[in-house]
1. Could you tell me which residue of the stretch 58-72 is nearest to ALA152 (Cα to Cα), considering only residues that are in a loop (DSSP other than H, G, I, E, B) and open to solvent by 10 Å² or more (accessible area, probe 1.4 Å)?
2. Any residue that is in a loop (DSSP other than H, G, I, E, B) and polar (S, T, N, Q) - is there at least one of those in the stretch 143-152?
3. Where the second residue is surrounded by fewer than 20 Cβ atoms within 10 Å (Cβ to Cβ) and the first is without any contact (Cβ under 8 Å) to a residue 12 or more places away in the chain and lies in the stretch 34-55, which pairs have Cβ atoms under 8 Å and are six or more apart or on separate chains?
4. Check SER139, SER46, SER102, SER81 and return the single one that is part of a strand (DSSP E or B) and over 18 Å from ALA22 (Cβ atoms).
5. Out of all the residues in the stretch 143-163, which are open to solvent by less than 60 Å² (accessible area, probe 1.4 Å) and small (Gly, Ala, Ser)?
6. Could you tell me whether SER102 is under 17 Å from SER36 (Cβ atoms), among the small types (Gly, Ala, Ser) and open to solvent by 40 Å² or more (accessible area, probe 1.4 Å)?
7. Touching a residue at least 12 places away in the same chain (Cβ under 8 Å), more than 20 Å from PRO28 (Cβ to Cβ) and surrounded by 14 or more Cβ atoms within 10 Å (Cβ to Cβ): which single residue out of ASN122, ASN109 fits that description?
Amino acid sequence: LHGAAAGAKSKPLLELSQARYAIPVDFPKGFMPYRSTPSEGGKRASVNYVNAAALVAAKAGQALPDGSAIVGVTMVVKLDSDGKPLTGADGYPVADKVLSYSTMASAPNWGDAIPDLLRNGNWTYALFTAVRQPREGVSYAECFACHKARSATRYVFTLDQVKAVKY
């Protein structure tokens, strides 16, 4: 028996390590915040945003279409003079400093090269630095595996919160 050559990578492994989605340059324009998770006594938070394609479909009880995107922003929260977290007019924390981004997005044929065991329709996942560059050396197999169990909610853990957005 012969193994693969040193450094060889299969097409599915390459697909599981590439960021296919780029955070839009004008983000958060075109996105609606729908969930905030504070941590460290309110000094840090993660805010999730959903784009219009996903929001409209979710509110209509339809499958989220290709073109859907969800972006999570992890941040240090801006504090007021009393040390309390500041919130914007939308009620969500105001970032003093962005730490990282996480995304899930779908587009036609993005799921084609993902093994059936992990495929989440046409969804893909990616992690980004504070300056919106893809984090290097990440395998998204864990993202695919975890979200696979959520097929009933279109692979989205927070679908109920998306449906509840008021706009």
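1. Ranking the qualifying residues of the stretch 58-72, first place goes to ALA63.
2. Scanning the stretch 143-152 turns up no residue that is in a loop (DSSP other than H, G, I, E, B) and polar (S, T, N, Q).
3. THR37/SER46; SER39/SER46
4. Of the residues listed, the single one that is part of a strand (DSSP E or B) and over 18 Å from ALA22 (Cβ atoms) is SER46.
5. Answer for the stretch 143-163, where residues must be open to solvent by less than 60 Å² (accessible area, probe 1.4 Å) and small (Gly, Ala, Ser): just ALA145.
6. Working: under 17 Å from SER36 (Cβ atoms): yes; among the small types (Gly, Ala, Ser): yes; open to solvent by 40 Å² or more (accessible area, probe 1.4 Å): yes.
Yes.
7. Answer to the check: ASN122.
The values are calculated or read from the model by the stated rules, or taken from the named source; none is laboratory data. These figures come from a predicted structure and were not determined experimentally. Positions of Cβ are backbone-derived with ideal geometry, glycine not excepted, and every protein chain shown enters the neighbour counts. All accessible areas refer to the heavy atoms of the entire protein, side chains included, with ligands and DNA or RNA removed. Shrake-Rupley method; radii C 1.70, N 1.55, O 1.52, S 1.80 Å.
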